[in-house]
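Take a look at the structure below.
FYI, it's all coordinate maths here, none of it is from the lab. In this text, all values refer to a predicted model and were calculated from it rather than measured experimentally.
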């Protein structure tokens, strides 16, 4: 299991556009059988902070998603305009959080 989690910082005036672009990838992720979760949400509009949370069954599933033209276009558009504090984690000990 691969977990992607963290924050992206963009100009506060660009948050709505960034979220719309990011959420446009939801159908792409949903079509990937290795996608468990993909979520982008505004953390702090005034600060331009967006929280990113993704869950993938494998590195291969994530790589397939990242290589799609639509996702590549978003990275090309936003990489120069954002500070990315998102990290990738390997999760090998999944368990019920109530346990």
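Based on Cα atoms of segment 1-43, Rg over Rh with Rh as the Kirkwood radius reads 1.01.
Pair-distance distribution P(r) for segment 13-74, from all Cα-Cα distances in 10 Å bins starting at 0: 22, 51, 24, 4 percent.
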